[in-house]
Amino acid sequence: MRPKKTILCVDDTEQVLSVRAFLLETRGCYKVNAVTSPKEALEIIANALPGTLDLLLCDLLMPGMDGNELVRRAKELNPNLPAMIVSGTVTSFERASRADAFLPKGACSPIELLERIRILVTRKRGPRKHILPAPPHRDAAANFNQHQVAVAS
């Protein structure tokens, strides 16, 4: 069984946060760390061990710090952390320029959200590495036979 991918979800609305966490955790392959404050999210990112966070998923419009600023600061702390911003307004797309992906909250289905998350997490991991067995050595049989002759002598 593969280890669960950890997603840091940030939204100032607790109801949205709990629905998103439920959606992701019921998939069985995601662990969600949900917070309502961008400052708290930055503390988590700053203290996280390398490779332990797989995605930052945040709202665009939040009090104190918007999602674009959160993503900018998060990428300063962890440049390899993929980030997706979601927003209730489609017209805010240009404000979400720091994120790797943008989705409008009401205009996308949960399936589309899950697919975008899967793609971003996969990109972070990188392509699967296929390990090919080493080709057999041509002289392996000859070396074995010489070793047998030397031992027999």
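Annotation note: of ALA46, ALA34, ALA83, the sole residue that is surrounded by fewer than 17 Cβ atoms within 10 Å (Cβ to Cβ) and touching a helix residue (DSSP H, G or I) at 6+ places or on another chain (Cβ under 6 Å) is ALA46. Within region 84-92, none of the residues are assigned to a loop (DSSP other than H, G, I, E, B), under 24 Å from PRO3 (Cβ atoms) and at pLDDT 70 or above.
This table checks each residue for (1) modelled with pLDDT under 95; (2) in a helix (DSSP H, G or I); (3) under 16 Å from the mean Cα position of the chain (by Cα).
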| position | (1), (2), (3) |
| --- | --- |
| PRO3 | yes, no, yes |
| ARG20 | yes, yes, yes |
| ALA34 | no, no, yes |
| LEU53 | no, no, yes |
| ALA99 | yes, no, yes |
| GLY106 | yes, no, no |
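Residue count for region 66-80 satisfying the condition of being without any contact (Cβ under 8 Å) to a residue 24 or more places away in the chain and in a helix (DSSP H, G or I): 2.
Comparison of LEU8, LEU24, LEU57 shows that the only residue that is crowded, with 20+ Cβ neighbours inside 10 Å, in contact (Cβ under 8 Å) with a residue 60 or more places away in the chain and not in a helix (DSSP H, G or I) is LEU57.
The values are calculated or read from the model by the stated rules, or taken from the named source; none is laboratory data. This one's a predicted model, so the numbers in the text were calculated from it and none came from an experiment. Here Cβ is always computed from backbone atoms with ideal geometry, including for glycine, and neighbour counts include all displayed protein chains.
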